[in-house]
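Have a look at the structure below before the remarks.
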Amino acid sequence: MKIAKNTFKQALNQDKPLFGLFMGIPNTTVAELCAGAGFDWVLIDSEHGPFDLQSIMAHLQAVAPYPVSPIVRPVEGQTALIKQLLDIGAQTLLIPMVETAEQAEQLVRACKYPPAGIRGLGTSMARAAQWNRIPDYLQKANDEVCLIVQIETLSALENIDAIAAVDGVDAVFIGPSDLSASMGHIGEPGHAKVVEAVCKGFNSILSAGKQPGVLAVTKELVDTYIQAGARFVGVGADTALISNATRKLAADYIGSAESNDLAGY
């Protein structure tokens with residue numbers, strides 16, 4: 001048995017953008033529906049979704065049969081939590097609210113086995129190592145980890161050059177929602193000044209030889225960010241898709257029925 005290759009990490013270096021979906025519903029049937037839809041990647045969002053360690057692992061198991069790369073976003077970048085996520089099989093982590101290069105360096109160490117880092121050894125209990133059935137897991141695991149750090153405040157943007165330059169950081173994701181709030185445009189991730197700041201951030205990320213990512217939920221914004229150099233883009237969320245589709249379906253019929261009732265008076 002061999003260690004699983006990190007297909008997302010490999011695809012980041014190809015000359016085409018990767019499109020993904022955020023998943024915030026801790027239900028494995030929904031996860032399978034999303035995983036089989038044709039996206040390049042799906043993100044298990046434990047920062048805002050009501051996930052725990054066991055439900056994250058269940059999601060990883062649910063999407064495993066599908067040709068899609070899973071990314072896990074934990075609630076925060078705690079060293080012990082990162083160890084657990086890697087042990088249950090996560091290979092690509094997106095860590096929110098990274099503010100400094102020093103914080104990014106600590107995250108790199110948390111993701112790597114010694115001597116490159118401080119990740120604790122517990123392969124006999126680790127799904128990632130197939131419970132010690134992968135004989136060279138310890139020697140190869142570091143190479144298959146993909147660390148994405150998320151920048152989402154003005155102070156983080158001021159440090160973006162140093163953050164992106166940290167060895168071991170594979171990609172930098174800019175979160176436009178929190179950034180818009182930090183810039184005084186809360187609830188307006190598509191505000192022109194926010195978009196400008198994101199695109200400027202991409203230049204710093206690319207200059208450091210790293211890959212930039214972002215969340216964009218309109219086709220216009222997606223196109224803008226791709227042209228600015230984004231290599232992976234979240235284009236929606238399972239919660240929003242279900243919310244919007246069910247609301248539209250209800251409005252199509254209930255709105256029609258109400259109109260017919262009113263027409264009778």
Summing -39500 (n - 2.57) over every DSSP H run of at least 4 in the chain, dividing by its residue total and rounding to the nearest 500, the 222 nm mean residue ellipticity is -12500 deg cm²/dmol
For a Förster distance of 35 Å, can you work out the FRET efficiency between the beta-carbons of residue 53 and residue 253, rounded to the nearest 0.05?
0.30
Using a Cα-Cα cut-off of under 27 Å, which lysines could be cross-linked to residue 112, ignoring same-chain neighbours fewer than 8 residues away?
2, 5, 9, 83, 140, 210
Ellipsoid equivalent to region 70-174 - semi-axes via the Cα gyration tensor, in Å
26, 13, 10
Points 7 angstrom from Cα along the Cβ direction at residue 200 and residue 154: gap in nanometres?
1.1 nm
For region 147-265: span of alpha carbons on each principal axis (Å, largest first)
69, 26, 21
With a Förster distance of 51 angstrom and the Cβ-Cβ distance between residue 227 and residue 133, calculated FRET efficiency to the nearest 0.05 equals 0.65
Amide H of residue 69: which non-local residues (sequence gap of 5 or more, or other chain) have their own amide H closer than 5 Å, using H built in the peptide plane?
41, 42
Quarter of the surface of the C-alpha convex hull for region 1-124, i.e. direction-averaged projected area in nm², equals 8.5 nm²
Name the residues of region 1-43 whose amide N is less than 18 Å from a point 7 angstrom out from the Cα of residue 242 along the C-beta direction?
21-38, 42-43
Compute the Rg to Rh ratio over region 7-240 from the alpha carbon atoms, using the Kirkwood formula for Rh, and round to two decimal places.
0.95
Restricting attention to the alpha-carbon atoms of region 132-209, what are Rg (one decimal) and Dmax (integer), both in Å?
16.2, 52
Length gained when the stretch residue 11-residue 219 is fully extended (0.36 nm per residue, less Cα-Cα span):
72.7 nm
Describe numerically, in nm with one decimal, the distance between label points set 7 Å from Cα along Cα→Cβ at residue 1 and at residue 167.
3.3 nm
Each residue of region 80-87 in turn: what ³J(HN,Hα) in whole Hz from Karplus with 6.51, -1.76, 1.60 and θ = phi - 60°, glycine and Pro shown as x?
5, 5, 4, 4, 5, 5, 5, 5
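All of the numbers you see were taken from the coordinates with simple rules; none came from a lab. Keep in mind the model is a prediction, meaning the values are calculated, not measured. Note: ideal-geometry Cβ built from the backbone for every residue, glycine included; neighbour counts use all protein chains shown.
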